[in-house]
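Some notes on the structure that comes next.
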Amino acid sequence: MLVVDGISKTFGRTRAVDGISVSIPRGQFVGVIGRSGAGKSTLLRMINRLAEPTEGRITWDGQDVTALQGPALRDWRRRCAMIFQQFNLAGRLDVLTNVLTGRLAHTPGWRAMLRVWSREDRAIAVAALDHLDIAALAPERAENLSGGQQQRVAICRALLQEPEIILADEPVASLDPRNARIVMDALQRINRHHGLTVLCNLHALDLARLYCDRLIGMAGGRLVFDDVPAALTDAA
Ligand code: ADP
Ligand code: ADP
């Protein structure tokens, strides 16, 4: 269970996130919806400590993750993997190598420094790619792939961290509708297959309705909606 308890974040005079409290059970696929500037990205970034909250606390299975430092913080970041709108792949490197970098946290000493991957890690990477129907792309340069393919590579890279939570910040905002569906299908597949908790910022309400178990709506940094997608009528 992820518990966000009275979290706020101010940037100067802007209250980007303003007193959000919400509990998310393990395995839930949660869509965070709201207009640009609502605070969705800041909320996600505070969960994996890319941003520090001004107030409040976040716990995962009772552990206060807002207080973690050093190795414990690095381990927390491994356990909650981020997916970004712009994929953030190393464009000139091949797909398999991009996916394997997700394995760094599990790779000891000189192997990590020299990027020498074990046979087992390669097999895990290929299996992840195969699960998302892109195993054939393993030797391709990442920059030569379509957006939908790149985002699936990023999802595979995230999976190799062996995370418990996936934090996806507008993962389909730069994709055409067909690729957006393919990527949402991939997130749904890993949510179901690995039982991962998924928090996904979305501004496309049709996708939010289609894929999420639960929708959290934000406006002006505040929580304005928390319900099943069916409760979101066209008038809302
Ligand atoms: P969303 O993801 O819903 O578009 P954000 O969390 O990105 O919203 O932004 C919420 C508010 O916080 C916006 O007003 C934005 O301009 C502001 N904000 C976000 N990040 C920063 C930052 N690093 N510095 C200053 N203001 C920021
Ligand atoms: P249980 O009721 O067995 O504890 P969950 O808490 O995971 O199971 O919730 C089951 C389903 O109920 C979720 O998949 C989601 O669709 C919905 N749900 C759970 N919590 C909320 C909530 N606060 N608001 C809206 N829907 C919720």
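Every read-out reported here was derived from the displayed coordinates using simple, explicitly stated rules and does not represent laboratory data. Treat the numbers as computed from the prediction; the structure is a model and nothing was measured. Quick reminder, even Gly has a Cβ in these numbers, built from the backbone with ideal geometry, and neighbours come from all protein chains shown.
Please list the three semi-axes, largest first and in whole Å, of the ellipsoid equivalent to the stretch 166-236, using sqrt of 5 times the eigenvalues of its alpha carbon gyration tensor.
After scaling each eigenvalue by five and taking roots: 20, 14, 12 Å.
So what's the Cα pair-distance distribution over the stretch 1-112, bin width 5 Å, in %?
2, 9, 18, 20, 18, 14, 10, 6, 2, 0
Would you mind checking the radius of gyration and Dmax of the chain based on alpha-carbon positions, in Å?
So, for the chain, Rg and Dmax equal 17.7, 58 Å respectively.
Say each of residue 189 and residue 90 gets a label point 7 Å from the Cα, pointing the same way as Cα to Cβ; how far apart are those two points in nm?
Modelled inter-label distance: 2.5 nm.
Suppose we keep just the alpha-carbon trace of the stretch 55-162; what are its Rg and Dmax in angstrom?
Rg, Dmax (Cα atoms, Å): 15.2, 47.
Could you tell me the distance between the Cα centroids of the stretch 111-130 and the stretch 17-40, to the nearest Å?
With the stretch 111-130 and the stretch 17-40 each reduced to a Cα centre, they are spaced 33 Å.
Return the single residue from 78, 45, 111 with maximal mean-square fluctuation; model: Gaussian network over the chain, springs between Cα atoms under 10 Å.
111
PRE reach from residue 162 (point 7 Å along Cα→Cβ): which of the stretch 68-82 fall under 15 Å by backbone N?
Once the point is set 7 Å along Cα→Cβ of residue 162, 75-81 turn out to lie under 15 Å by backbone N, inside the stretch 68-82.
Between residue 122 and residue 140, what is the spin-label point distance in nm, taking each point 7 Å from the Cα along the Cα→C-beta axis?
In this crude spin-label approximation the distance works out to 2.1 nm.
Among DSSP bridges having both ends in the chain, what percentage is antiparallel? Round to the nearest 5. Provide the component values of the computation, followed by the final result.
On the way: 20 of 38 bridges.
Expressed as a percentage, antiparallel bridges in the chain total about 55.
Which residue fluctuates the most in the chain, going by a Gaussian network model with Cα springs under 10 Å, if the choices are 163, 108, 53?
108
Taking 0.36 nm per residue of separation and subtracting the Cα-Cα distance, what length does fully extending residue 14 through residue 104 add?
That works out to 28.8 nm of additional length.
Which residue, 225, 87, 29, has the most motion in a Gaussian network model of the chain that connects Cα atoms within less than 10 Å?
Evaluated over the chain, the most mobile residue of the options is 225.
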